[in-house]
1. Could you check how many residues of the range 97-116 are at pLDDT 90 or above and either more than 13 Å from residue 128 (Cβ to Cβ) or out of contact with any helix residue (DSSP H, G or I) (no Cβ under 8 Å at 6 or more places or on another chain) (or both)?
2. Check residue 128 against each of (1) at pLDDT below 90; (2) surrounded by 14 or more Cβ atoms within 10 Å (Cβ to Cβ); (3) out of contact with any helix residue (DSSP H, G or I) (no Cβ under 7 Å at 6 or more places or on another chain) and name the one condition it does not meet.
3. Going by the conditions given, is residue 137 free of Cβ contacts under 8 Å to residues at least 12 places away in the same chain and either out of contact with any helix residue (DSSP H, G or I) (no Cβ under 8 Å at 6 or more places or on another chain) or buried (at least 22 other Cβ atoms within 10 Å of the Cβ) (or both)?
4. Please enumerate the residues belonging to the range 119-137 that are within 15 Å of the chain's Cα centre (by Cα) and under 16 Å from residue 38 (Cα atoms).
5. Would you mind stating whether residue 143 is surrounded by fewer than 19 Cβ atoms within 10 Å (Cβ to Cβ), in contact with a helix residue (DSSP H, G or I) (Cβ under 9 Å, 6 or more places away or on another chain) and under 16 Å from residue 185 (Cβ atoms)?
6. Every residue in the range 88-104 that is buried (at least 19 other Cβ atoms within 10 Å of the Cβ) and under 15 Å from residue 36 (Cβ atoms), please.
7. Yes or no: residue 107 more than 24 Å from residue 47 (Cα to Cα) and surrounded by fewer than 22 Cβ atoms within 10 Å (Cβ to Cβ)?
8. Given the conditions (1) closer than 18 Å to residue 148 by Cβ; (2) buried (at least 19 other Cβ atoms within 10 Å of the Cβ), which single one is not true for residue 64?
């Protein structure tokens, strides 16, 4: 706490950098995960291969993946974003597909009977009902991205990991503790916020059903 009090502006700047990095990565990850999930939810034979590839990517240590990207892309935010987007895919795709598959076929059939085409049934019925499961996946992915995002400092992408790396290199335990505390606070805040959204989505989906 003493380091945070003495360096409030620096810690706040790194906190906002970390938040922006995680938010950007999650936004990009969702843009990829949604269409992929919709396709493999429809064509179930694709689920195993796609999840297998995403699982293999997720098992690569973050520092190792960044070390592979740096010679190709260079340092900065770009390799960090690529790595975070890649790590988020497994969690997001698996939950989106689970949510879509969990919608009762009878409900989808009723929507079709009301004259909805496949796209309308997806956006008006299946996705709203699957939303609680999707948000649960987003919550897990958010906490994971915030945690993994600490290594972004390794490639000069900023964020709260800077405090950890600097603390280790300078043998400064106070700086390490400040970084760990700030990361934990950010992760807990994001988790609580998304739990609230998940609860609201569950009530809304229950009302829709």
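The values are calculated or read from the model by the stated rules, or taken from the named source; none is laboratory data. From a predicted model like this one, the values you see are computed outputs, not experimental measurements. Glycine also receives a Cβ, built like all others from the backbone with ideal geometry; neighbour counts cover every protein chain displayed.
1. 3
2. It fails just one condition, (3).
3. In short, no.
4. 133, 134, 135, 137
5. Taking the combined requirement at face value, the residue satisfies it.
6. Correct list: 88, 89, 90, 91, 92, 93, 94, 95, 96, 97, 99, 100.
7. no
8. Single failed check for residue 64: (2).
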